[in-house]
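Everything on this sheet refers to the single structure shown next.
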Amino acid sequence: MSDWEPKIITFLCNWCSYGAADLAGVSRMQYPANIRVVRIPCTGRMSPKFVLASFMNGADGVWISG
Amino acid sequence: MSKDVIGSVMVVGGGIAGMQSALDLADSGYYVHLVEKSPSIGGAMSQLDKTFPTNDCAM
Amino acid sequence: MGHRNAVYRPYAQAVPGAYSVSKKDKSPCTTACPGSVNAHGYVSMIGEGKYKEALEVITRTLPMPGVLGRICPHPCEDACRRSEVDSAISICTLKRFAADQVELSELEIPEIEQRKEKVAIIGAGPAGLTAAYFLALEGFQVTIFEALPVGGGMLRVGIPDYRLPPSILEKEIEFITRLGVEIKYNTRVGKDITIDGLLNDGYESVFIGVGCHKDMKLGLEGEEDVEGVIPGVKFLRDAALGETKEIKGNVAIVGGGDVAIDAARTALRMGADKVSILYRRTEAEMPARDEEIEDAFEEDVDIQFLRAPVELLQENGKLTGVKCIRMELGEPDDSGRRRPVPVEGSEFVVDADILIPAIGQKTDASFLQEADGVELNKWGDFAVDQVTYQTSREGVFAGGDAETGASIAIAAVGAGREAAISIARYIKGEDMKEGREGLEIPQSDFNPIPDKMEKKARAKMDRIPMEERKSGFTEVEIGLSEEIARAEANKCVDCMVCCECLECVKVCGAGALTFETHEEEDRIEAVEVGSIVISSGFEPYEPSKLDFFGYDRHPNVVTALQFERLLSASGPFEGHVVRPSDHKEPKKIAWFQCVGSRETNNCDNDYCSSVCCMYAIKEAVIAKEHDSELDASIFYMDMRTFGKDFEKYYDDAKNKHGINFIRSRVHTIDPVGDTGDLEIRYVREDGELVVDTFDMVVLSIGLETSPGLKELAEKFNIEMTPGNFCQTDSLTPVATSQPGVYVSGSFQGPKDIPQAVVDASAAAAAAGQNLVAARNTLTQTREIVPERNIIGERPRIGAFICHCGINISGTVNIPEVLDYVRELPHVEYVTDNLYSCSQDTQATMTEIIKEYNLNRIIVAACTPKTHEPLFQETLINAGLNKYLFEMVNIRNHASWVHKENPELATQKAKDLVRMAVAKIGLKMPLKEAELAVNPTAMVVGGGLSGMSSALSLARQGYQTHLIEKADKLGGNAHSLYKTWKGENIPDMLSDLMGQVQSEENITIHLNSAVSNVEGFVGNFQTTITSGNEEEVIEHGVATLATGGQEYKPAEYCYGDDPKIVTSLELDQKMLNNDASLDDVDCAVFIQCVGSREPERPYCSRVCCTHSVESALELKKRNPEARVFILYRDIRTYGERERKYIEARKAGVVFIRYSLNDKPAVALKDGKVSITVKDHVLGKNIEIEADLLTLASAILPNRDDQLAQMFKVPMNDDSFFIERHAKLGPSEFATDGVFLCGLAHYPKPIDEAVAQGQAAASRAITLLAQGTITTNGEIAAIDPMSCSGCGICTSVCPYSAPSLIEEGRFAGKSEINSALCKGCGLCVSSCRSGAIRLNGYDNDQIFAMVDVA
């Protein structure tokens, strides 16, 4: 299990967290490569169905940020 | 009449005030020359970390 | 505080995001070099450990780095500005160091296009060799004729081997000859060849670089024939060529230059018993290099100063000694050195077997023949043109010592290169002088030397042991070690910022930076404009002028602006707050307010800078967020948090965040030993002296107008205030005294961001007002490409993968991504671009889209937040709907953040592109509705702010309806007497009312109120009710200027006695010129009545200035009157501070009270008695007043109905909430609705007028467009699925959904596309699944998740 890497699906609000992820890049911050980003217009768009769909498709974690 | 009037404005300084003036003028149908001595716009505000009262990032 | 390279982006998010090269004036070391060697450049390269690159820099102008690195007297070092810190950088030694590290033969030979023309060079000295090198680089066939059997000229036969080993010189000559230069040795001009002969022999041009090899004579009898007298140059030449091997006995040398010293040290090495130098002046005047003199002393050369030979003593024709005379220094001569004068009767004898006169050299031009046609100057040197180096004969050039007389090698190198340029142009038939005549540009604008720079010792080379030195010709100096050399080089203070190493040109893949663009400099461009807006901002106050803060000396005393950078994630410590001295986290920080503001003792800034209190509180709060244990204290005089929501922030800082606020001005900071800590002393309010220690001190520096801006103002003939800000009037707050020139931002006065943004829009409105006739005449409109219908087509996806230079391709394996994406479903075309965003790539993309008939486009590059619009534009140009686009961020989200792990970064890039491919197949073209904007405006509220707004709108050509509920315009202004600037308000008011009434575009509706609002941005239908009459007005925009009113106090016995009045009531008395005011003997003002209280926690902004103004007026009417102002903090911000100073000078007494110990007012025997605790005395004092003025709060005219009708929000204090506190102060989040004046927040007249104009300006940006385009990515309702529950209408922050009232779908919801912002809140709230979000539809997100 030691080489197990979780797959995390990330829903990022276009106006804040997506920009923050951009800024992390600009600042050359280094973080684990486990997240896969889905850009959404606002966390208001977030639906429980997206979380369920993520888990159904094998995600180990879902991260919503906005 | 319109021949004598030049439909452009020079805005000296690309800080927050200069940018706002330039945007308003351009959106109002005037050609704007925005003159800034440094290589990027943003002025003093871009040096600030956050702004009050909301502690928003100044960028 | 951090380090910035010359090629830089100001900060990570800079707009434009391009890098630029910053250059100041040319570095003084480079300017000082007679050979124009870019010292700054190679020193920088050495500092970076790039030695080959250093040599490339040097050899751009000097082909002999190792030679000059050993023997140059380095004028560069005399010019070095590092000496302002400690001592000049050892530039020359560094050059030698670089040359020692790299074999010159390793430098690549550039491609040279060979030419057939031949050039002859006479003399293989530094001038001739350099000329040969540069001519060979131009492709000419060069032959050097050298009289001696060796090359190098004086470098070889004048400089002893222990200073310059011949092997070094030979290698560097090889570096020149490898370009194809031929050297013919033992060929003497005048004997073997002649100049004229060369020219007749097919040489196109001749360069004479014969040097100065003839010794000057002492002028003593027997000098020519007594045995033992050997001239210095000859002596050195014979030694160098091995013709003299050994000498015996005593040697005396006459002279003080390098030749004298070289001869002495050479004689010593050849076996002389004793060597003496006789010099007629003192050591200070000695022209030899200081290092050489020092070496000679070390080697026991007996240097005697102030001696001159007068007679040679001989026996049988053989020298036995020299009779000398002592000298003393007299008046300075032409060279500025003091002239030596013989001391009579002081003769003495120096025993000598050999005498070497080394008092100078001359050019030997005896080889010239008449046919050569070359003339000499009056000193016997070659006469040349000072720019081209051409002699009197066309095609013949001369340079070096032969032209200047004996000088330094680097000067000869410079002359050789300049002559080479001339010769090349001469042969090519070009103008030799063009662009070469040097302009004297004063060089003074250099990179400032940072404060607090550490002093470091100058690097020195080690020497070989003394025994070895004296016994042979081994090189004395051992070069620097790499560590020392790099440390020395890194001491460079980068005077020019850019060192012109041109490394950037080598690496720029996009070809943006070329030799030409790198050379680009400022140019002057003339532009014709209709108006000018000056918004050049402020300059932060430079606190080193205030010595007692020790900003220069203590590293842990920083300015607030520096502290901002410390807090910032993109700052020098990446947002980790550490103090500069030792990078420790500070545990205790003090902020000192009013540094360079409200200060007339130590600087001239009497005004308040308006923003410092707030920013200090913010910094303290944010610093506490970084470290909750932090002890933060703010030392202040008055806490001026007068802006909207600022007081609440202040209260929270005190009560929630535990920031200490200490009312005291600190005047001393002492360092605590070497700890970096700072001890401060201050006097508490109760008079007690406190000593405290802090880890760090932040100076809350004020705002100033820069000297440059003052100059600009003078040029424009703009009137300035005493504080050096732009003078404006309250009714025209953004107009300068110069018609057509407007002002915004802190040039108009120190101000915060919201006020600057308000002014900026106001200035735009004012500047545009004169140009209405030319609106849209200079702007450009875009051509529209017809959109291709793709409905029914299967997806044909085109994917463009960007390298972003090496930003992406440096980490992500692009070929692998390409191969992967090519195999994904529906992908028809894949390619990669070096820079996808470049202009030519856009053109190519357009072609590709058309050629391959693509209907969905993916760009995998950087962030859509900055680049999506650019690519969407490209889609439009290719005839595609712009929503058929998806951007994948494989830079910010992959290559940049997973640098250490290219494999994972590549995998993530592939996954992200795959997700985008899955989504984009489901994307459909979206429509953007275009709605016409009704070019009519409505302003609700006819006060000063509303009238100003209406006037601006009308004057820009828009029909404006001004709605006023009262029976006259003017609002509160009717009750006001004077502005703080002293303007009479009734006069101003009637002036403005007159303008409004006579403006034909304004329709005034008095006694009217808004009773209903329908519609949305661009198309409002508003019902106005006046009495029983109703009128519907159609308009495109609305401005709410509903104003405010005075709070009628319930406290302080208000209403119980006519002597107790509010501020406005006092103004009314003044307006009426009430005679009773002249009889007031004692007046009291109580501030903050109803403001800054728990139930009304905001500051009313205007009252302090108002009371100070009124107090002065009372003092004017009766100078004997006692006037007291009871206050909590005096908030006379900006230049209003001067009124406060004036009031104190006039004898107005200011007594501070605190919120929990408010003054008590009682009515006793018809007198008003006020009791207040004096904070200085700590005792209650009682004042009996004839007049008590309550500076009562400003309340907004709350109108819930109006707010609801226009769908605009109000805050807890019932003021309207603007779109954004800083960036959208004059508009609502609701499109098409604007705000200004007291309805926004309490403000004085000038600010209310400015905001009225600003609201107009914002509205005009909509009106001038004529149409508005709705966003395509918005919600859409399927009425068949809608259950009409109304949830969507309640959750939408923008009131976009509404229930349909009639027709087939009555009761169902619909979305107004003009109002929808596309957030998706209604979509996820809809219980029936009836709402979709275009562009982010469920199936699209599911598709992404499915393949993630």
On average, how many beta carbons from a partner chain sit within 10 Å of the beta carbon of a residue in C:775-787? 3
Separation in nanometres of the label points that stand 7 Å from Cα toward Cβ, at C:D25 and C:T1267: 5.7
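Using R₀ = 35 Å, calculate the FRET efficiency as 1/(1 + (r/R₀)^6) where r is the Cβ-Cβ separation of C:M453 and C:E625; round to 0.05. Working shown, then result.
Working: r = 33 Å, r/R0 = 0.93.
The calculated FRET efficiency here is 0.60.
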Using alpha carbon centers only, region C:381-409 is separated from region C:523-558 by a whole-angstrom value of 49
Of C:A916, C:M696, C:A616, which is farthest along the charge dipole of the protein assembly as shown in the positive direction, counting Lys and Arg as +1 and Asp and Glu as -1 at C-beta? C:A916
Please identify every one of the GluC sites (Glu not before Pro) in region C:1120-1163 that sits in a loop by DSSP and has no more than 14 other beta carbons within 10 Å of its own beta carbon. C:E1120
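Taking both sides together, what accessible area is buried at the B/C interface, probe 1.4 Å, expressed in Å² and rounded to the nearest 100?
Summing both chains' loss of accessible area gives about 4500 Å².
State in Å² the accessible area per residue of chain A; use a 1.4 Å probe, count heavy atoms of protein chains only, and round to the nearest integer.
Working: 3230 Å² over 66 residues.
Using a 1.4 Å probe on heavy atoms only, each residue of chain A averages 49 Å².
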Anything over 31 Å Cα to Cα? Flag those among C:K1059/C:K1222; C:K927/C:K1222; C:K217/C:K248, in the order listed. C:K1059/C:K1222; C:K927/C:K1222
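Counting only protein heavy atoms, what percent of the accessible surface of the protein assembly as shown is carbon or sulfur at a 1.4 Å probe? All intermediate terms of the calculation are to be shown ahead of the outcome.
On the way: 30040 of 62110 Å².
Carbon and sulfur together cover 48 percent of it.
Assuming R0 = 25 Å, can you tell me the calculated FRET efficiency for the pair C:H826 and C:H1220, based on Cβ-Cβ distance, to the nearest 0.05?
The formula returns an efficiency of 0.05 here.
FRET efficiency for C:L313 and C:N186, Cβ-Cβ distance as r, R0 = 35 Å, nearest 0.05?
On the way: r = 39 Å, r/R0 = 1.11.
Result of the calculation: an efficiency of 0.35.
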Inter-chain Cβ neighbour average for residues C:753-759, partner chain, 10 Å: 5
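Please give the calculated 222 nm ellipticity per residue for chain C, where each DSSP H segment of at least 4 residues contributes -39500 (n - 2.57) and the sum is spread over every residue; nearest 500 deg cm²/dmol?
Values: 38 runs with 379 residues, N = 1348.
About -8000 deg cm²/dmol.
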Shielding by partners for C:859-866, please: the mean number of other protein chain Cβ atoms within 10 Å of each residue's Cβ. 3
Indicate the gyration tensor shape class of region C:809-911 (rounded, prolate or oblate), computed on the Cα atoms with a ≥ b ≥ c the square roots of the eigenvalues: a/c under 1.5 is rounded; otherwise a/b larger than b/c is prolate and the rest oblate. prolate
Loop-located GluC sites (Glu not before Pro) in region C:88-177 whose Cβ has at most 14 other Cβ within 10 Å (DSSP): C:E103, C:E108, C:E111, C:E113
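Net charge within 11 Å of C:A1121 by Cβ-Cβ distance, Lys/Arg positive one each and Asp/Glu negative one each, not counting C:A1121 itself? Let's see the in-between values first.
Working: positive: C:K1115, C:K1116, C:R1117, C:R1122; negative: C:D1078, C:D1079, C:D1081, C:E1113, C:E1120, C:D1186.
Summing Lys and Arg as +1 and Asp and Glu as -1 gives -2.
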Take the alpha carbon atoms of region C:980-1027, find their center, do the same for region C:824-890, and report the distance between the two centers in whole angstrom. 50
How many nm separate the modelled label positions at C:A284 and C:E574, each set 7 Å beyond the Cα in the direction of the Cβ? 5.6
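Restricting to DSSP loop positions (anything but H, G, I, E, B) with no more than 12 other Cβ atoms inside 10 Å of their own Cβ, which trypsin sites (Lys or Arg not before Pro) remain in chain A?
Details: sites: A:K7, A:R28, A:R36, A:R39, A:R45, A:K49; in loops: A:K7, A:R28.
In loop regions of chain A (DSSP not H, G, I, E or B), the sparsely surrounded trypsin sites (Lys or Arg not before Pro) are A:R28.
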So, in Å, what gap is there between the alpha-carbon centers of region C:909-968 and region A:43-64? 35
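Starting from the Cα-Cα distance between C:V527 and C:I478, subtract it from 0.36 nm times their residue separation and give me the gain in nm to one decimal.
Taking 0.36 nm per residue and subtracting the Cα distance, the gain is 11.7 nm.
If you average the sequence gap of Cα pairs under 8 Å that are 6 or more apart and divide by the length of chain C, what percent do you get for the contact order?
Relative contact order of chain C: 8 percent.
Rounded, prolate or oblate: which fits region C:542-701, taking a ≥ b ≥ c as square roots of the Cα gyration tensor eigenvalues, rounded meaning a/c under 1.5, else prolate when a/b beats b/c? If you can, show how the numbers build up before the last one.
Details: a/c = 1.30, a/b = 1.03, b/c = 1.26.
In terms of gyration-tensor shape, rounded.
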Those residues of region C:1314-1343 for which accessible area with every protein chain present is at least 40 Å² below the isolated value (1.4 Å probe): C:C1319, C:S1324, C:Y1336, C:N1338, C:I1341, C:F1342
For the pair C:D351/C:Q738, report the inter-label distance in nm, with labels modelled 7 Å from Cα in the Cβ direction. 8.4
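How much length is gained on full extension from C:D333 to C:E298, taking 0.36 nm per residue of separation minus their Cα-Cα distance? Before the final figure, lay out each step's value.
Details: separation 35, 0.36 × 35 = 12.60 nm, distance 3.10 nm.
Taking 0.36 nm per residue and subtracting the Cα distance, the gain is 9.5 nm.
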Longest DSSP-loop-exposure-free segment, chymotrypsin sites (Phe, Trp or Tyr not before Pro), chain C, at most 14 other Cβ within 10 Å: C:853-1348
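Quick one: grab the alpha carbon gyration tensor of region C:620-679, order the square roots of its eigenvalues as a ≥ b ≥ c, and give me rounded if a/c is under 1.5, else prolate or oblate depending on whether a/b is larger than b/c. Please report the intermediate quantities before stating the final value.
Working: a/c = 3.24, a/b = 1.55, b/c = 2.09.
Verdict is oblate for region C:620-679.
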Below 10 angstrom from the Cβ of A:R36, what's the summed charge of the other residues (Lys, Arg +1; Asp, Glu -1)? +2
Sorting C:T1025, C:T600, C:I484 by the position of each Cα along the dipole of the protein assembly as shown (Lys, Arg +1; Asp, Glu -1; all at Cβ), the one nearest the positive end of that ordering is C:T1025
Contour minus Cα-Cα span, C:I806 to C:T1025, at 0.36 nm per residue, comes to 72.2 nm
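Taking 8 Å as the Cα distance limit and 6 or more residues as the minimum spacing, I'd like the relative contact order of region C:797-920 as a percentage.
Working: 220 pairs, mean separation 41.5, N = 124.
Here the relative contact order equals 33 percent.
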At a temperature of 25 °C and a viscosity of 0.890 mPa s, determine how fast the protein assembly as shown diffuses translationally according to Stokes-Einstein, using the Kirkwood radius over alpha-carbon pairs as Rh; express D in µm²/s, rounded to the nearest whole number. 63
Expressed as a rounded percentage, what relative contact order does region C:228-293 have, with Cα pairs under 8 Å and six or more residues apart? 34
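The values are calculated or read from the model by the stated rules, or taken from the named source; none is laboratory data. Quick caveat: nothing in here was measured; it's all calculated off a predicted structure. Backbone-built Cβ (ideal geometry, glycine too); neighbour counts: all protein chains shown. Heavy atoms of the whole protein, side chains included, go into the accessibility calculation; ligands, DNA and RNA do not. Shrake-Rupley method; radii C 1.70, N 1.55, O 1.52, S 1.80 Å.
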